[in-house]
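Enquirer: Encoded as structure tokens, here's the structure I'll be asking about.
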Amino acid sequence: MNFKLLAFASILLGTTIAGGYNIDLSTIPRRDTVQLTIYNAEDLTLVRETRLITFKTGNNPLQFSWADTLIDPTSVQLQFRDQPDKLTVLDTTFPHGKPQELTWNVRSDFSGEARVEISYFTSGITWSADYTGIVDTDKIKMGLEGFVTVTNRSGEDYEQAQVRLVVGKVNLVEKIAELAQRGIRPGQGGMDRKQLRREAVRQVVAEAETALAFAIDAPKQIVKEGLSEYFIFAIEGTETVPSGWSKRMRSFQSDDVPFAVRYRYRPREYGDQLVKLFVLINNQESHLGESPLPDGRVQLFKQTGSDGLSYLTQQEIAYIPIGDRIELNLGPNPEVVFELLPLRVFRDNLWGTWGAKFRRRFDQPGVEIQDRGKVTGWDEHTVFSQRIRNYTAKPIKVEIRRSFSGDAMFRSQLNPVLHDFQTVQLVTQVKAGQKADLRYELIMKQGDRAKQNRVQLDHSKPASVAWLQ
């Protein structure tokens, strides 16, 4: 352990005997274990480290300092993992003139070794996730690797640390409210809102463990409570994360992840273009699904068949719970051409005022004119062809969503369904090297004919309408 680290985190052990003088303080052994639980959303990392200390019967002052670091001094806690019934913290003092140091006075009822845990919150440690996928030459499966990069700007080096990430959504407001209901309120008992926030994060970590006991191989767990859904993601093994450095660690690896190829036309999501997507599911059948996947960047490559790779796409993904889909957008495929062609336009069902009615023009007294009526509403029909040309060597599945504003009727032989009250969804397949004309008729009610803002599906007539065939 270098001098800088000693200045930060060494704990010094001394003994006061009955005669009133002190045995010289000596440096205790270095950390046995250290665990970092990083919560990006709050810029808080819970550090839990264990050390093996030799106690002597009587009072034992333990000194802890954190110079030049981002440790929150009010969060430092000492717990005894061995002999807890024989060790007691009598008081905690902050020496005058040393704002980055404290001393615990520990009463021991035995002489011997005991393992202690020191925990505290620090800022300046963050993590980010990224993924690399390599698609096989047949475009059926991919190898997928996940990585986590931890960046340490806390001022302290953490050697051989187990890294855990708080993934997902944590509603600290409800946690703080829960603490307040117990009678712990900001400004009472010396606990301010900042302390309540730290205590709420401690609860989050505690709820995701099988026990509060420190365990370097604690299992991964999902926690769902109230409005919160979060997950403690443990990176296998240990890593040294020096201050001022970033460390990239593999979080998982799967060599045979199946995926489906889909083509979609959804202007609200992808713009006015047909895009190609790879769709995979975060579940065990896909050789994934052991945990949710954190937010991160995905880079996708394809094997070229000659030990080379070609770049496909890069995309940011949001938090993916177990069982949810991962959709990777590769953009338009030049081998699949999509066109929307209007085939016929006409109007019918005219509404209005009719008949030979006369009225007097008030601007010219004595002059009468004939009012032949006027159109106040009508149905406007447009027949479209959604033409898809598939020049690839495989059949493709195409999903189409079209949204219409106004009072509309939709007719088609493609078994449409409503995605929402203004959006129609169609699904079809186009064979390899073939062309498909997917026709539909849109009837927009205009003027007095329009009664509501929604799309209705008309299944009664499409088979008899020649231009839809």
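The values are calculated or read from the model by the stated rules, or taken from the named source; none is laboratory data. Everything numeric in this text was worked out from a predicted model, so none of it was measured. For neighbour counting, all protein chains shown are included, and Cβ atoms are generated from backbone atoms with ideal geometry for every residue, glycine included.
Conditions tested, residue by residue: (1) among the aliphatic types (A, V, I, L, M); (2) touching an Asp or Glu at 6+ places or on another chain (Cβ under 6 Å).
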residue	(1), (2)
GLY237	no, no
SER243	no, yes
ARG250	no, no
ASP256	no, no
GLU269	no, no
ILE281	yes, no
GLU290	no, no
PRO294	no, no
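Okay, residues lined up against (1) out of contact with any strand residue (DSSP E or B) (no Cβ under 8 Å at 6 or more places or on another chain); (2) acidic (Asp, Glu); (3) not in a strand (DSSP E or B):
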position	(1), (2), (3)
ASP272	yes, yes, yes
LEU280	no, no, no
SER291	no, no, yes
ARG297	no, no, no
PHE301	no, no, no
SER310	no, no, no
THR313	no, no, no
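Enquirer: For segment 31-39, does any single residue satisfy the condition of being of a type outside the set (A, V, I, L, M, F, W, C), within 20 Å of ILE125 (Cβ to Cβ) and modelled with pLDDT under 85?
Expert: no
Enquirer: Surrounded by fewer than 15 Cβ atoms within 10 Å (Cβ to Cβ), within 16 Å of SER65 (Cβ to Cβ) and modelled with pLDDT of 90 or more, is that true of THR88?
Expert: It is false that THR88 is surrounded by fewer than 15 Cβ atoms within 10 Å (Cβ to Cβ), within 16 Å of SER65 (Cβ to Cβ) and modelled with pLDDT of 90 or more.
Enquirer: Residues to consider are SER119, SER123; find the one that is of a type in the set (Gly, Ala, Ser), out of contact with any strand residue (DSSP E or B) (no Cβ under 6 Å at 6 or more places or on another chain) and closer than 19 Å to ARG197 by Cα.
Expert: Of the residues listed, the single one that is of a type in the set (Gly, Ala, Ser), out of contact with any strand residue (DSSP E or B) (no Cβ under 6 Å at 6 or more places or on another chain) and closer than 19 Å to ARG197 by Cα is SER123.
Enquirer: What residue, of ARG449, ARG439, is surrounded by 15 or more Cβ atoms within 10 Å (Cβ to Cβ) and either at pLDDT 95 or above or part of a loop (DSSP other than H, G, I, E, B) (or both)?
Expert: ARG449
Enquirer: If we keep just the residues of segment 120-157 that are part of a strand (DSSP E or B) and in contact with a Leu (Cβ under 6 Å, 6 or more places away or on another chain), which is modelled with the lowest pLDDT?
Expert: The extreme case among them is PHE121.
Enquirer: Taking the condition of a type outside the set (S, T, N, Q), surrounded by 15 or more Cβ atoms within 10 Å (Cβ to Cβ), more than 30 Å from THR240 (Cβ to Cβ) and assigned by TED's automatic domain parsing to the domain that holds PRO242, does VAL135 pass?
Expert: yes
Enquirer: GLY305 - would you say it is loosely packed, with under 14 Cβ neighbours inside 10 Å, not aromatic (Phe, Trp, Tyr) and not in a strand (DSSP E or B)?
Expert: So GLY305 fits the description; yes.
Enquirer: If you don't mind, another one. Against the condition in the same structural domain as GLY352 (by TED's automatic domain parsing) and at pLDDT below 95, how does GLN413 come out, does it pass?
Expert: yes
Enquirer: Would you check which residues across segment 388-404 are within 19 Å of TYR270 (Cα to Cα) and either in a loop (DSSP other than H, G, I, E, B) or basic (Lys, Arg) (or both) and list them?
Expert: LYS397, ARG401, ARG402, PHE404
Enquirer: Here's another thing I want to ask about it. Loosely packed, with under 14 Cβ neighbours inside 10 Å and in contact with a strand residue (DSSP E or B) (Cβ under 7 Å, 6 or more places away or on another chain), is that true of GLY112?
Expert: Criteria met by GLY112.
Enquirer: What are the pairs with Cβ atoms under 9 angstrom where one residue, in segment 39-57, is free of Cβ contacts under 8 Å to residues at least 40 places away in the same chain and at positive phi and the other, located anywhere, is part of a strand (DSSP E or B) and surrounded by 15 or more Cβ atoms within 10 Å (Cβ to Cβ)? Sequence gap at least six, or different chains.
Expert: Listed pairs, sorted by first residue: none to list.
Enquirer: Taking the condition of being assigned to a loop (DSSP other than H, G, I, E, B) and surrounded by 17 or more Cβ atoms within 10 Å (Cβ to Cβ), how many residues in segment 37-70 meet it?
Expert: Residues meeting the conditions: 3.
Enquirer: Step by step: first the residues of segment 377-409, then only those that are touching a helix residue (DSSP H, G or I) at 6+ places or on another chain (Cβ under 9 Å) and of a type outside the set (Lys, Arg), then the one that is surrounded by the fewest Cβ atoms within 10 Å (Cβ to Cβ). Which residue is that?
Expert: If we take residues in segment 377-409 being touching a helix residue (DSSP H, G or I) at 6+ places or on another chain (Cβ under 9 Å) and of a type outside the set (Lys, Arg), then SER403 is surrounded by the fewest Cβ atoms within 10 Å (Cβ to Cβ).
Enquirer: Please determine, by comparing only the residues of segment 340-387 that are in a strand (DSSP E or B), of a type in the set (S, T, N, Q) and out of contact with any Gly (no Cβ under 6 Å at 6 or more places or on another chain), which one is modelled with the lowest pLDDT.
Expert: That would be GLN370.
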